[in-house]
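Notes to accompany the following structure.
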Amino acid sequence: MKTNGYNYIKKLQIEIIAIVLFFSLIPLFALGSFLYFQFTQTYTQKVTNNLRTIVDNKKKALDMFFEERVSQLKTIAYTHSYKELSDEDYIRSLLSAVQSSSNSLIDLGIINSDGEQVAYTGHYNLKGVNYKNELWFHEVMFKEVYISDVFMGFRRFPHFIIAVMRKEEGSFWILRATIDSNIFNLLVQSVQIAEKGDAYLLNSENILQTPSRFGKQVMEPSDFPKTPLFTGTTVRENFSEQNRMIVGMSWLEKKNWLLVVSEDPTEAMTPLFRTRTMVILLIALGVMLIVTGAYIVSRSIIRELIRSERQKAALDANLVQSSKMAALGKLAAGVAHELNNPLALIKESAGWLKDLLEEEEPDKIANFKEIEKTVNKIDLHVERAKSVTHRMLGFGRRFEPVSEDTDLNKVAEQTLSFLENEALHRNIAIEKDYLENLPSVKSDSAQIQQVILNITDNAIDAVGKNGTVRMKTGYDPKKEEVFLEISDTGPGIPKEDLDKIFDPFYTTKTSGEGTGLGLSVSYSIIEKLGGRILVDSTRGKGSVFTVCLPVRSEK
């Protein structure tokens, strides 16, 4: 009933918030949408027109560059004879004259009709190289003026050339010049806009003719979509996984290369975006005020309801647990008290039988050894029953702990001395890792010893044979507490049993081997001493019990 009431209140609160937000936010969202689309339209038009102008201007500059270089070579070829240009000293002086006005050419070469370079001036040793089988040589013969794509050639370095053919006295020869790639690349990339802009050239096969600022290098295939030939300039949006770019494209007239210029719209339209951001912020502020007002009231109601329900649930659980523990304590104390008297009589009788047997001669009594063995078993099991009743009394009584300086290392070592023989008999190794200068605690060493004994005895039983029990002490300065870890290499505790191991009379041991009081008594002792017991267990790897005790000052 209470759960249904809580759900009803929460549902009602959600409905109120939804209605208030719905009718309050409709005008704000309508205004925001209108402003957003207006700004988007303005932004798109401005960016597109601006980028188209940039691409057109850069295309004209590149076409003019090629036209000027071709004009330079034609002037040289048609104002000088083959014989004059075959003189390397003469052609060197010509290159120097050209470079004084424009340093875009880095070498010059004269190639005869057989493809042999008869004269060369530049940075490479290319005189005598034969280009008869090179693609560009045949292109020049066919077109008379040729601008190549970027290629490696005999230089083994990416470059491109401009070549002019001249016919003279029934034969022909070629004037060939290599363009300075650095200067040409700077000419292309000078169009870059802001930090994320880029500009590069692609040939018809989509191979980079100039490097991309953020992408691949020259002569590498580009990731840009292959674009067929078209006239004029095109601007479009290009989306990638990293960002959104506006791309302008145009094919050069003097060379079949595609000019690609991209820019980040967020950089180009910063003022416009700033205005749009202010509008969005104003709308967001209005939304926040509306949402906050509805949320604060509703949340406070829900928070109070949840807190009240949790407090009530916790109180009910504590009352149930306290009642259960009180009843179990009284039951345990009563049972233990009733059992102690007959156990004392049985033990006294067993002792009397031992005394009688010692006075008799073994040879005169039939089955003497069997009788003696039976008496010893009776005495042993009486002691075991007394230990059970003692634990039950310890669970049922309310002991007041003694406050004394306690060295946890010393208490642990003393406790292990009671179990070393049993561990040795089972071939169980006991490893010790005590922290030196461990702070002492104000506590009851006798009760701590009982806790260590119970947990360690359980660890040895869990291992069974041929395993390891490890005892480690330490200090946590943040929590100001010392701790003792008792770990074993046993089979571990199932997850479904971890919440039950501290319950009275709960045990995972086989019938007759455990009472289920050891851990519950230990938990009660440590709780009274102001500490806590933690357990961590993994199936197949073992368990770790950690006893934590606060370090109290002398004061």
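The values are calculated or read from the model by the stated rules, or taken from the named source; none is laboratory data. Since this is a predicted model, take the numbers as computed values, not measurements. As a convention, Cβ positions derive from the backbone with ideal geometry for all residues, glycine included, and neighbour counts pool all protein chains shown.
Any residue at all in segment 510-518 that's at pLDDT below 85, outside any loop (DSSP other than H, G, I, E, B) and under 26 Å from Lys432 (Cα atoms)? There is at least one residue in segment 510-518 that is at pLDDT below 85, outside any loop (DSSP other than H, G, I, E, B) and under 26 Å from Lys432 (Cα atoms). Return yes when Phe34 is assigned to a helix (DSSP H, G or I) and surrounded by 12 or more Cβ atoms within 10 Å (Cβ to Cβ) and no when it is not. Criteria not met by Phe34. Residues considered: Leu108, Leu12, Leu73. Of these, the only one that is at pLDDT 90 or above and either surrounded by fewer than 17 Cβ atoms within 10 Å (Cβ to Cβ) or not in a helix (DSSP H, G or I) (or both) is Leu108. Among residues of segment 424-437 being touching a helix residue (DSSP H, G or I) at 6+ places or on another chain (Cβ under 6 Å) and hydrophobic (A, V, I, L, M, F, W, C), the one that is nearest to Lys465 (Cα to Cα) is Ile428.
Only one entry in Lys196, Lys167 is outside the structural domain of Ser250 (by TED's automatic domain parsing) and among the basic types (Lys, Arg), namely Lys167. Which is modelled with pLDDT under 70, more than 30 Å from Asn437 (Cβ to Cβ) and part of a helix (DSSP H, G or I), of Lys330, Lys377, Lys373? Result of the check over Lys330, Lys377, Lys373: Lys330. Look at Ile296 and say whether it is assigned to a helix (DSSP H, G or I), modelled with pLDDT of 75 or more and β-branched (Val, Ile, Thr). So Ile296 fits the description; yes. Residue-level check: of (1) crowded, with 16+ Cβ neighbours inside 10 Å; (2) out of contact with any helix residue (DSSP H, G or I) (no Cβ under 6 Å at 6 or more places or on another chain); (3) at pLDDT 90 or above, Gly115 misses just (2).
On inspection, Phe23 does not qualify as under 40 Å from the mean Cα position of the chain (by Cα), exposed (fewer than 12 other Cβ atoms within 10 Å of the Cβ) and in a helix (DSSP H, G or I).
For segment 110-138, the set of residues classified as under 60 Å from the mean Cα position of the chain (by Cα) and closer than 21 Å to Asp180 by Cα consists of Thr121, Gly122, His123, Tyr124, Asn125, Leu126, Val129, Tyr131, Glu134, Leu135, Trp136, Phe137, listed by residue number. Kindly indicate whether Leu534 is touching a Ser or Thr at 6+ places or on another chain (Cβ under 6 Å), at pLDDT 85 or above, aliphatic (A, V, I, L, M) and farther than 15 Å from Val411 by Cβ. It is true that Leu534 is touching a Ser or Thr at 6+ places or on another chain (Cβ under 6 Å), at pLDDT 85 or above, aliphatic (A, V, I, L, M) and farther than 15 Å from Val411 by Cβ. Checked against (1) among the hydrophobic types (A, V, I, L, M, F, W, C); (2) closer than 18 Å to Gln217 by Cα; (3) buried (at least 18 other Cβ atoms within 10 Å of the Cβ), Val140 passes all but a single condition, namely (2).
Of the listed requirements (1) at pLDDT 85 or above; (2) crowded, with 17+ Cβ neighbours inside 10 Å, Phe39 misses just one: (1). Taking the criterion of being among the hydrophobic types (A, V, I, L, M, F, W, C) and part of a loop (DSSP other than H, G, I, E, B), the residues of segment 358-370 that qualify are Ile365, Ala366. Of the strands (runs of 3 or more DSSP E) lying entirely inside segment 119-217, those containing at least 1 residues that are of a type outside the set (Asp, Glu) and at pLDDT below 90 span 171-179. Residues in segment 205-226 that are out of contact with any Asp or Glu (no Cβ under 7 Å at 6 or more places or on another chain) and closer than 19 Å to Lys58 by Cα: Thr210, Pro211.
Residue by residue, here is whether (1) within 30 Å of Thr44 (Cβ to Cβ); (2) at pLDDT 70 or above; (3) over 41 Å from the mean Cα position of the chain (by Cα) holds:
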position	(1), (2), (3)
Thr292	no, yes, no
Glu304	no, yes, no
Gly334	no, no, yes
Ala344	no, yes, yes
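Taken over segment 489-499, residues that are part of a loop (DSSP other than H, G, I, E, B) and either over 25 Å from Pro550 (Cα atoms) or not assigned by TED's automatic domain parsing to the domain that holds Pro439 (or both) amount to 6. Is there a residue in segment 94-101 that is surrounded by 15 or more Cβ atoms within 10 Å (Cβ to Cβ) and among the polar types (S, T, N, Q)? Checked against the condition, which is being surrounded by 15 or more Cβ atoms within 10 Å (Cβ to Cβ) and among the polar types (S, T, N, Q), segment 94-101 yields no hits at all.
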